[in-house]
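Read-outs: derived from the displayed coordinates by stated rules, not from any lab. Source: prediction; values computed, not measured. Because the Cβ atoms are built from the backbone with ideal geometry, glycine has one as well, and the counts that use them run over all protein chains shown.
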Amino acid sequence: MHLLYPALVAVLLFCVGLYGVLARRNAILVLMSVELMLAAVMLNLVAFDVWLRDTLHSGQVFTLFLIALAAAEIGIGLAIVLLVYRNRGISSVDQLRETGERREKAP
């Protein structure tokens, strides 16, 4: 198996995910972009595991852990986004930065 094809697809996936994280303002689209980046990492792990012919299949084991991590991340992230949207009525990342604690000025 050639390593070039999965590596190229993984680079393209990661670049699309990175663009989505940097350019998008909607929190749900940012979460989806992070998932694309994780998918690119998983593809690289499996491709290098097959290419190196690892007897322990450690790349595939790490991929299983990453799938569990991605599921937990999207569950918690989506719950936080929905809770903030329910309370504030916005899901824009730029407007959420302004909702932090405000410091009181000392007299």
Matching label, mean projected area of the Cα convex hull in nm² computed from the structure shown, candidates (1) 6.8; (2) 9.3; (3) 9.8
(2)
Between helix 58-88 and the chain, what is the angle of the helix's C-alpha long axis to the longest principal axis, kept within 0 to 90° and rounded to the nearest 10?
20 degrees
Most fluctuating of LEU43, LEU66, LEU22 in the GNM of the chain (C-alpha, under 10 Å) is LEU22
For every helix of n ≥ 4 consecutive DSSP H residues, a contribution of -39,500 (n - 2.57) applies; sum these over the chain, divide by its total residues, and give [θ] at 222 nm rounded to the nearest 500 deg cm²/dmol.
-26000 deg cm²/dmol
Which listed residue (MET32, ALA79, LEU66) has the Cα farthest towards the positive end of the charge dipole for the chain, taking +1 on Lys and Arg C-beta and -1 on Asp and Glu C-beta about the Cα centre?
ALA79
Simple Cβ-charge dipole of the chain, Lys/Arg +1 and Asp/Glu -1, about Cα centre, in debye nearest 20
440 debye
Per the rule of 0.36 nm per residue minus the C-alpha distance, extending VAL84 to PHE62 adds in nm 4.7 nm
